[in-house]
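Written below as structure tokens is the structure these notes are about.
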Amino acid sequence: MNEKIQEAFNKQLNAETYSAYLYLSMSAYFEATSLRGFANWMRVQAQEELLHAMKFYTFLNERGGRVVLTAIESPPTEWQSPLDAFKNAYAHEQKVTAMINGLVDLAIEERDHAANAFLQWFVTEQVEEESSADAVIQQLKLAGEGGGLFMIDRELAARVFTMPTTPAQG
Ligand SMILES: [Fe+2]
Ligand SMILES: [Fe+2]
């Protein structure tokens, strides 16, 4: 496997695992503030991120690359409000989108067509990730505090994690 791609994919494996950590930390924050619907939404998001990490893990192995697991940074533990947490999540996804785009650029530079094809799933996924975080931000802005927040919490409680049919997908 191309060494530059291998190194960059290992970095992304770390970043996706950090994303899972970040959202699980947000989930714990929401549990602590008794917003169980918000906590559920973040827990499902964390599970998705673990699948993203596993996609990189599987691809590296399939291509004869070497997976190297590195330390995961501690995520923040507190946010000012639900809106603050979702703004943070949205900004984080924008950062991840930039990272994925950087990987596509590298795959093109290195003429690694398999890596490029693999990454296209993530290009599409990032559109969904940014839009779903932004959707909650917009709802929170409309709702303000109190009753509106409670209604959003009930709505976010409905999100369920669905295991993809093949382990490498998600
Ligand atoms: Fe991700
Ligand atoms: Fe997603």
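The values are calculated or read from the model by the stated rules, or taken from the named source; none is laboratory data. Computed from a predicted structure; not experimentally measured. Note that we place each Cβ from the backbone using ideal geometry, even for glycine, and neighbour counts take in every protein chain shown.
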Of the conditions (1) under 19 Å from PHE9 (Cα atoms); (2) of a type in the set (S, T, N, Q); (3) buried (at least 16 other Cβ atoms within 10 Å of the Cβ), ASN61 clears all except one; give me its number. (3)
For region 133-148, does any single residue satisfy the condition of being in contact with a Pro (Cβ under 7 Å, 6 or more places away or on another chain), of a type outside the set (S, T, N, Q), more than 15 Å from ligand 1 (Cβ to nearest atom) and at negative phi? yes
So which residues in region 40-77 are of a type in the set (Ser, Thr, Tyr) and either more than 15 Å from ligand 1 (Cβ to nearest atom) or within 30 Å of ASP153 (Cα to Cα) (or both)? THR70, SER74, THR77
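Would you confirm whether or not region 36-48 contains a residue that is among the acidic types (Asp, Glu) and either away from ligand 2 (no atom under 14 Å from the Cβ) or touching an Asp or Glu at 6+ places or on another chain (Cβ under 7 Å) (or both)? Break it down into steps so the answer makes sense when it comes.
Just the residues of region 36-48 that are among the acidic types (Asp, Glu), to begin with: 48.
Adding the requirement that they be either away from ligand 2 (no atom under 14 Å from the Cβ) or touching an Asp or Glu at 6+ places or on another chain (Cβ under 7 Å) (or both) leaves none.
There is no residue in region 36-48 that is among the acidic types (Asp, Glu) and either away from ligand 2 (no atom under 14 Å from the Cβ) or touching an Asp or Glu at 6+ places or on another chain (Cβ under 7 Å) (or both).
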Tally the residues that are assigned to a helix (DSSP H, G or I), of a type outside the set (Gly, Ala, Ser) and out of contact with any helix residue (DSSP H, G or I) (no Cβ under 6 Å at 6 or more places or on another chain), restricting the search to region 127-164. 8
Which pairs have Cβ atoms under 7 Å, sit 6 or more apart or on different chains, and link a residue in region 71-99 that is without any contact (Cβ under 8 Å) to a residue 12 or more places away in the chain to one that is not small (Gly, Ala, Ser)? none
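Can you find, within region 89-126, the residue that is surrounded by the fewest Cβ atoms within 10 Å (Cβ to Cβ) among those that are of a type in the set (Asp, Glu) and part of a helix (DSSP H, G or I)?
Here is the first cut: in region 89-126, the residues of a type in the set (Asp, Glu) are 93, 105, 109-110, 112, 125.
With part of a helix (DSSP H, G or I) added as a condition, the list becomes 93, 105, 109, 125.
On the way: GLU93: 22, ASP105: 12, GLU109: 10, GLU125: 18.
The qualifying residue surrounded by the fewest Cβ atoms within 10 Å (Cβ to Cβ) is GLU109.
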I'm told LYS55 meets every condition in (1) within 16 Å of ligand 2 (Cβ to nearest atom); (2) surrounded by 18 or more Cβ atoms within 10 Å (Cβ to Cβ); (3) over 17 Å from SER19 (Cα atoms) except one. Can you identify the failing condition by its number? (3)
Kindly indicate whether ALA114 is among the aliphatic types (A, V, I, L, M), in contact with a Leu (Cβ under 8 Å, 6 or more places away or on another chain), away from ligand 2 (no atom under 16 Å from the Cβ) and at pLDDT 95 or above. no
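Quick check on this structure: which one of ARG36, ARG111, ARG63 is of a type in the set (D, E, K, R) and at positive phi? So that I can check it myself, show each step before the final result.
Details: ARG36 fails: at positive phi; ARG63 fails: at positive phi.
The conditions single out ARG111.
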